[in-house]
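Reviewing the structure listed below.
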Amino acid sequence: LVLDQSHATPETALCRALYLYEHDALEGRDILILGDDDLTSLALCLLSDFLGLRVRNLVVLEVDPRLVDYLREAAEQEGWPLEAVRHDLRQNLPEGLAGRFDIFLTDPPYTLKGLDLFVSRGVSALRPEVGKQGYVCFGQRTPGEMAAAIGALVEMGLAPVEIVPDFNRYVGAQVLAGVSQMIRTVSALELKPRIRGPYTGAL
């Protein structure tokens, strides 16, 4: 497995944590992060500690074993409610995670198939209730591609309620000028992941 990805800046990870806090997505919440090479989970833990908040559960699904080990060590050392699980999102969610979470956050590959896959896993993880939240970091594309991306979110049962341009900034990334937008979504009546089961296509 070869990974091709750029890391978000530490400031971006902190901004993500603050953004979730501003939208009532920390205190008492069950949170799933789908891929965390940016270490956003650690920013969430640090902010929660600083503000005296209690995240109920924080689970990270990450394919890179080095990151999984690092997150586990940090969580054990600090006593954080963080569980890091090595997992390839081309496979179904690990047993026991479907329908369990209030919040998911993901920074998927900036292709429509990448969006479909990562958000499908996030949607599968949300509790089947109105008002659960999904945070999707996605690069600015052509108007046609953005329309397709937003359409995919809506089709899966997520209502986009805010799009913040240039929210995420990346270290050394040249693609899309090294920035991406934050799309905040809220679950509607029915959650319908577009990809179910293992995925074997290109991303």
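The values are calculated or read from the model by the stated rules, or taken from the named source; none is laboratory data. Computed from a predicted model, the values in this text were never measured in an experiment. Positions of Cβ are backbone-derived with ideal geometry, glycine not excepted, and every protein chain shown enters the neighbour counts. Remember, those area values only see protein heavy atoms, side chains included, never the ligands or the DNA or RNA. Shrake-Rupley method; radii C 1.70, N 1.55, O 1.52, S 1.80 Å.
Taking a point 7 Å from the Cα of Ala148 along the Cα-to-Cβ direction, the residues of the range 188-203 with backbone N closer than 20 Å to it are 193-196, 199-203. For Glu162, the residues 5 or more places off, or on other chains, whose built amide H falls under 5 Å of its own are Arg184. Placing +1 on each Lys and Arg Cβ and -1 on each Asp and Glu Cβ, with no other charges, gives the range 108-203 a dipole about its Cα centre of roughly 240 debye. Taking all protein chains into account, the per residue accessible area for the chain stands at 48 Å² (1.4 Å probe). Among Asp30, Asp49, Asp38, determine the one that fluctuates most according to a GNM of the chain built with springs between C-alpha atoms less than 10 Å apart. In this elastic network of the chain, the residue with the biggest mean-square fluctuation among Asp30, Asp49, Asp38 is Asp49.
What is the range 56-134 by shape, rounded, prolate or oblate, if you read a ≥ b ≥ c off the alpha carbon gyration tensor as root eigenvalues and call it rounded for a/c under 1.5, prolate for a/b larger than b/c, and oblate otherwise? Cα axes put the range 56-134 in the oblate bin. Amide H contacts for Phe101 (H built 1.01 Å from N in the peptide plane; partners 5 or more residues away or on another chain; cut-off under 5 Å): Leu126, Arg127. Which residues make up the longest stretch of the chain that has no GluC sites (Glu not before Pro) in a DSSP loop with at most 14 other Cβ atoms within 10 Å? With GluC sites (Glu not before Pro) excluded where exposed in loops, the chain gives 28-94 as its longest stretch. With a cut-off of 11 Å between beta carbons, the residues surrounding Asp88 carry a summed charge of +1, where Lys and Arg count +1 and Asp and Glu -1.
Note on the range 83-128: Cα convex hull, mean projected area over all directions, 3.4 nm². Within the chain, what's the longest run with no trypsin sites (Lys or Arg not before Pro) in a DSSP loop and at most 13 other beta-carbon atoms within 10 Å? Give the range, please. Longest stretch, sites excluded: 57-195.
Only DSSP H runs of four or more residues enter the estimate; each adds -39500 (n - 2.57), and after division by the residues of the chain the mean residue ellipticity at 222 nm equals -10500 deg cm²/dmol. With springs connecting C-alpha atoms under 10 Å apart, model the chain as a Gaussian network and identify which of Val179, Val171, Val68 has the largest mean-square fluctuation. Ranking Val179, Val171, Val68 by mean-square fluctuation puts Val171 first.
For His87, the amide hydrogen comes within under 5 Å of the amide hydrogens of Glu62, Val63, counting only partners 5 or more places away or on other chains and with H modelled in the peptide plane.
Between (i) -0.20, -0.85, -1.44, -1.58; (ii) -0.18, -0.76, -1.37, -1.56; (iii) -0.32, -0.88, -1.19, -1.26, which matches log10 I(q)/I(0) by the Debye sum over Cα atoms at q = 0.07, 0.14, 0.18, 0.19 Å⁻¹ calculated for the structure shown? Matching the structure shown: (ii).
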